[in-house]
Amino acid sequence: MDEIADAIGEAAARDLARQFGGTGLYVPRTIGSHHPICVAIGRDAADRLAAWAGGSAISIPKQAELRARVLEMRKRSLTIVQIARETGYSERHVYRLLREEDDYRQPQLFD
């Protein structure tokens, strides 16, 4: 997902994951205005996606959008219980997602 976000921007990558998450997505070399990709992420992002991955299939992770949603809710100071209720996740899973994000952002000793 990071590669996709680097190519088309984070907001567009989240929109792409929201619409196509959990699927393999063929990206045409040219994306028309009425193509589902263009409708989902907008003209500019669709053009950037076509330039980056046009003519190939990419895997769109499903969990990326959900994880981003959990992180955004936590930044808004929602409690773990509130986040769990809103997302349908268990409290344990919310803690796991937040812990994974903390681990990801923490630099390793020998990096």
Q: Kindly provide the set of residues from region 48-90 that are more than 13 Å from the chain's Cα centre (by Cα), small (Gly, Ala, Ser) and either farther than 20 Å from Gly24 by Cβ or buried (at least 18 other Cβ atoms within 10 Å of the Cβ) (or both), ordered by number.
A: Ala50, Ala53, Ser77, Ala84, Gly88, Ser90
Q: Kindly indicate whether any position in region 96-108 is touching a helix residue (DSSP H, G or I) at 6+ places or on another chain (Cβ under 9 Å), surrounded by 11 or more Cβ atoms within 10 Å (Cβ to Cβ) and at pLDDT 90 or above.
A: no
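The values are calculated or read from the model by the stated rules, or taken from the named source; none is laboratory data. The structure displayed is predicted, hence computed values, not measured ones. No Cβ is skipped: glycine too gets one built from the backbone with ideal geometry, and neighbour counts run over all protein chains shown.
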